[in-house]
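Some notes on the structure that comes next.
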Amino acid sequence: MAEEKKDNLITVNIDGQDLQVPPGTNMVEAVKMLGKEVPHYCYHPKLSIAGNCRMCLVEMGMPGRDRATGEPMLNEDGTPKIMWMPGPAIACGTNAAPGMHIKTSSPKAIESREAVTEFLLVNHPLDCPICDQAGECKLQEFSASHGRGYSRFVEEKNVKPKRTRLGPRVTLDDERCILCSRCIRFSQEIAKDDVLGFTDRGSYSTLTCFPGKELANNYSLNTVDICPVGALTSTDFRFKMRVWFLKESKSIDFESSVGCNTVVSSREGKVYRVTPRRNDEVNDTWMPDSGRELYKQIESEDRFSYSSVNGSETSAVEALKAAGEILKGEGVAIVASGRNTVEEQFVLKQIADQVNAKGVYLVARYGDDDGILISKDRNPNVRGALATGLISELPSEKLSALGAQIDSGEVKVVLATKEDLVAAGLSEEQLKKVKLVAIDTHATATTKSADVAIAGLTQFEKSGTLINQQFRIQKFHKVVPGPVGSIDDLAALSAILASLTGETCPSVVGTVWEKIAAEGSIFEGLSFKGIADTGVLLDGSAFSGLAFVEGKSLHFEPKLEEAAAE
Amino acid sequence: MAVHPKEQRLILKYADEPGYTPHIDSYMEHGGYDMLKKAVTMEPQAIMDEVKKSTLRGRGGAGFPCGLKWSFVDRKSGKPIYLVCNCDESEPGTFKDRQIVHKDPHQLIEGIMISCFANNVAKAFIYIREEMPYGAKILDQAILEAKEKNFVGDNVLGSGYSCDIVVHRGAAAYICGEETGLIESLEGKRANPRIKPPYFPAVLGLYNCPTIVNNVETLCNAVHILDMGAEEFTKIGRPNNAGTRIWCVSGGVQRPGYYEVAGLTLGELVYDICGGPLPGRSIKAIIPGGSSMKILKNGERYKGKNPDGTDYNWGLEDIPLDYDGIAAAGSMSGSGGMMVLDDTVSIPAALANLMAFYSHESCGQCTPCREGSLWLKKITSRMVHGEARPEDVDLMLDVAGQIAGRTICAFGFAVAWPVQSYIAKFEDEFRKYAAHLSDPNADRQAIKELACNG
């Protein structure tokens, strides 16, 4: 809106108040700009218009013109005479036009909403207290705000099936479905997996998968997110927790360089679900199913929750002291991670400088690009490592160069964070040749053979920032505390740096940022607090010569020369 | 079927002639395809002008002027223009298209080809109702014959104009006959009507290309407009109601059937042509144009002002049998499916029957129609089973009012209009059911019998 040129705006009148809106704005959005709400079910700003729920009916009028002369019709006071449509119009499917008048709370509009609410409830189970969607159900909310408050329906309800499996992650309670078709349109338009449709007719219509198909794509749970009622449910989350008990924290999906914005819901230190958070520049209102599973790593069986020195369990403080001593040795190399935060990478860069590192490595992770919200680069923060100066080239998938340095004796000490060196191509024998400090969240071959192993935190247990494929820096927040025995990665790295320099180092995100945003850096002027919830776009032009691997995704179009380099 | 002297047949002129067959030879012996031969020598715009001048109104239900509809077609988009013949005759009481398809298919094909030529259409579809398999076979055969004679296909009659016709069998739902529902179905999708705007078929129709959707009877008229010229055509019937109209009369008359007439009154059709009510019976009401139209009650006076300022004061039998006449009486001529209800018919039972139909046929897309139609069916069904409540009549009116004009397509009106008009005209009958229920000594069996005996 702010970017629209004033000349292009059109004026509409909503409930007696003039408002300027960009051309093409539908009535729902126009009314929203005024701080009001037109209730709706089928309309979704990121999907095509279906116009079928009829909840958004409003009164609409246009300035009249004399049929014979074509001249504008005027009232006695000279104002345009508004010709009101005889019936209500759908606000979602009607775009604002110059001079249009809209009544959102006239008797006819109110009566229309009451009517639709009554219709939706006649065959709907009235069991909100046991419905899994209670607290997040638009039908429940709108029934309270736009319903009559009593029922005139005395007939036997038309009861539809319960607990229908639509796919591995989605369960349908058909009796609750209000046939808004959001899920169908999402599958067709966003997931490009046209498997859902309605079968049967009239009030007996039911949502179903096409014969022989199931809703199994990696975006299936978005249908649950956008279902306005309790019809589509997440099989994982279903009946686990009442949503009003959940604390919601803003986070980022770590599974690829897209960096989908998410909301992580937790209660009493336990994460229950991950859902998308709207960011029109990154992920709209969607996220992949796979990213919603990442919270399970918090309590996975191989979670590494204690620190050790030479194989013996010890406190984190002891482990950090031992790590500092090891890193004071000769021939130090650092294996950082694209899963480290910008802050961690910044401190790692300082450590690397301090120890005059023989090499700083990142481990690349590549997978298939789905063209939607999973990019080929499965590391969420390779660009962070570039921006902090930790690395200057794109990483390789294997650490063969490091292996050669170890074999030649050039490297005698390795600090590895969030990476399993064996999985990245080093042999067990090569690990035995070096003194090894490992910081990780889960037990790996590396943590098992490390001289010092430090238990770190998952992304759900700490705060920080990541830079996505667009060079958009985005922040995520701590959701739950880490397990006893673990230590915040940033604090661990800062402690190691402090022991190397003999000076105190900032160890929490906010204070580290005071150093990060130094003059002349790509981060100049930024602070953790000052980064908007939807992120800040950084100037990545200094890295435009690198052959980034990402292809086109929902809101990212790689530059042509980069594509050619691919 | 013998032609009644009061009939004025154009479209069905030869259909019932002894020895006349659907074969192309039979059609050509009667001058068939002469108008297509003439058309391809004309400028397309000239044909369009004739159709516009003829004031021909669409015979599908809404009665929208055909020429005007053609003029809305987006001819600047660069996309192909499609023509779809709506042969999904699904309105209860209507069976006129079937007669044309079964008895004179080549007239339809000629009408389609003339219309396609006029509109620069290279591909036309005949969307025929699934329940008319015999008709589909006839059309397939007829198109083959027409192709052999070069009336359809490449380089029609050496004119350089090419156009193909595809017969597409429908998806067996009432809503497939709704203009945009039909287009969705033709595209292979569920026949959910599209929202307008933006999906006005003239701009965004089949495959999002400009599309003309015309009824079978409408397209046949193109042949006759070209034959007699627009001026002569407009002399048939009343001004703004030009041409003949095929009426399908069913119910309580002595000679039900289809009749092609012009310029008559409703009384002339029902009493003179159809022989009036069955012996010993009297006409109670008439549904003029298919079951979704508002009912007209016998004995009522229909009063108002004519366009010229004069007053009219009609009895049922005086109503002019055309678009404007029936509209002036408060209903619509719709699909031409006229149903005559005699004194044996219980109006609530008739409504219950209709609600059972419409609730079954609602596509389920929009909330008011989907839920409201089933609700009305349940109330009316309960009513005729002796379980009406005193408040039911008002509730039905309110529910119908919550549907009408609030849905994507006109199906909402099809559900609501019968309820509103039946209750408006026969409220006492509906109230009688409720009165019986409030009487603890009422004989339930007798109440149920009301549904049979009126």
Residues of region A:6-39 being under 26 Å from the mean Cα position of the chain (by Cα), within 14 Å of chain B (Cβ to nearest Cβ) and open to solvent by 40 Å² or more (accessible area, probe 1.4 Å), which ones? none
Among the numbered criteria (1) within 14 Å of chain B (Cβ to nearest Cβ); (2) open to solvent by 10 Å² or more (accessible area, probe 1.4 Å); (3) under 32 Å from the mean Cα position of the chain (by Cα), which single criterion is violated by A:ALA144? (1)
Search result, residues across region A:189-207 that are within 9 Å of chain B (Cβ to nearest Cβ) and part of a loop (DSSP other than H, G, I, E, B): A:ASP200, A:ARG201, A:SER205
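Rundown of residues vs (1) in a strand (DSSP E or B); (2) surrounded by fewer than 22 Cβ atoms within 10 Å (Cβ to Cβ); (3) not assigned by TED's automatic domain parsing to the domain that holds A:LYS552, yes/no style:
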{"residue": "A:ILE439", "(1), (2), (3)": "yes, no, no"}
{"residue": "A:LYS448", "(1), (2), (3)": "no, yes, no"}
{"residue": "A:LEU466", "(1), (2), (3)": "yes, no, no"}
{"residue": "A:ILE473", "(1), (2), (3)": "yes, no, no"}
{"residue": "A:LYS478", "(1), (2), (3)": "no, yes, no"}
{"residue": "A:SER486", "(1), (2), (3)": "no, no, no"}
{"residue": "A:LEU490", "(1), (2), (3)": "no, no, no"}
{"residue": "A:ALA495", "(1), (2), (3)": "no, no, no"}
{"residue": "A:GLU503", "(1), (2), (3)": "no, yes, no"}
If you take the residues in region B:233-267 that are assigned to a strand (DSSP E or B) and either on the phi > 0 side of the Ramachandran plot or of a type in the set (Gly, Ala, Ser) (or both), which one is most open to solvent (accessible area, probe 1.4 Å)? B:GLY251
Can you find even one residue in region B:123-138 that is assigned to a helix (DSSP H, G or I), among the small types (Gly, Ala, Ser) and crowded, with 21+ Cβ neighbours inside 10 Å? yes
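Inspect all residues belonging to region A:159-173 and state whether any of them is within 14 Å of another protein chain (Cβ to nearest Cβ) and in contact with a Lys or Arg (Cβ under 8 Å, 6 or more places away or on another chain). Don't jump to the end; show me each part of the working.
Of all residues in region A:159-173, those within 14 Å of another protein chain (Cβ to nearest Cβ) come to A:159-160.
From what is left, the residues that are in contact with a Lys or Arg (Cβ under 8 Å, 6 or more places away or on another chain) are none.
Within region A:159-173, none of the residues are within 14 Å of another protein chain (Cβ to nearest Cβ) and in contact with a Lys or Arg (Cβ under 8 Å, 6 or more places away or on another chain).
I'd like the full set of residues that are in contact with a strand residue (DSSP E or B) (Cβ under 7 Å, 6 or more places away or on another chain) and either β-branched (Val, Ile, Thr) or on the phi < 0 side of the Ramachandran plot (or both), limited to region B:349-405. Walk me through it before giving the result.
As a first pass, look at region B:349-405 and keep what is in contact with a strand residue (DSSP E or B) (Cβ under 7 Å, 6 or more places away or on another chain): B:350, B:364.
B:ALA350, the sole residue that qualifies.
Quickly run through region B:59-85 and pick out the residues that are over 15 Å from B:VAL121 (Cβ atoms) and open to solvent by 10 Å² or more (accessible area, probe 1.4 Å). Can you show your working first?
Of all residues in region B:59-85, those over 15 Å from B:VAL121 (Cβ atoms) come to B:59-65, B:67-68, B:76.
Once the filter is applied, which keeps residues that are over 15 Å from B:VAL121 (Cβ atoms) and open to solvent by 10 Å² or more (accessible area, probe 1.4 Å), region B:59-85 yields B:GLY60, B:GLY61, B:ALA62, B:PHE64, B:PRO65, B:LEU68, B:LYS76.
Considering each of B:GLY372, B:GLY386, B:GLY405 in turn, give the residue that is surrounded by 21 or more Cβ atoms within 10 Å (Cβ to Cβ) and either at pLDDT below 95 or facing chain A (nearest Cβ under 10 Å) (or both).
On inspection, the qualifying residue turns out to be B:GLY372.
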Note on region A:89-134: residues open to solvent by 30 Å² or more (accessible area, probe 1.4 Å), more than 28 Å from A:SER234 (Cβ to Cβ) and more than 9 Å from every other protein chain (Cβ to nearest Cβ) are A:PRO98, A:HIS101, A:LYS103, A:SER105, A:PRO107, A:LYS108, A:ILE110
Can you pull out every residue in region B:295-315 that is among the polar types (S, T, N, Q) and farther than 23 Å from B:SER421 by Cα? B:THR310
Do we have any residue at all in region A:114-134 that's touching a helix residue (DSSP H, G or I) at 6+ places or on another chain (Cβ under 6 Å), in the same structural domain as A:ASN217 (by TED's automatic domain parsing) and of a type in the set (Asp, Glu)? no
Of residues in region A:46-88 being facing chain B (nearest Cβ under 10 Å) and buried (at least 21 other Cβ atoms within 10 Å of the Cβ), the one farthest from the chain's Cα centre (by Cα): A:PRO88
Does region B:283-304 hold any residues that are under 17 Å from B:SER90 (Cα atoms) and small (Gly, Ala, Ser), and which are they? B:GLY289, B:GLY290, B:SER291, B:SER292
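Being touching a residue at least 40 places away in the same chain (Cβ under 8 Å) and surrounded by fewer than 24 Cβ atoms within 10 Å (Cβ to Cβ) is the filter here, so list the residues in region B:152-164 that pass it.
Taking region B:152-164 and keeping what is touching a residue at least 40 places away in the same chain (Cβ under 8 Å), we get B:152, B:156-157, B:159, B:161-164.
Correct list: B:VAL156, B:LEU157, B:SER159, B:TYR161, B:SER162, B:CYS163, B:ASP164.
The values are calculated or read from the model by the stated rules, or taken from the named source; none is laboratory data. Predicted, not measured: the structure shown is a model, and the values here were computed from it. Cβ: placed from backbone, ideal geometry, glycine included. Neighbour counts: every protein chain shown. Remember, those area values only see protein heavy atoms, side chains included, never the ligands or the DNA or RNA. Shrake-Rupley method; radii C 1.70, N 1.55, O 1.52, S 1.80 Å.
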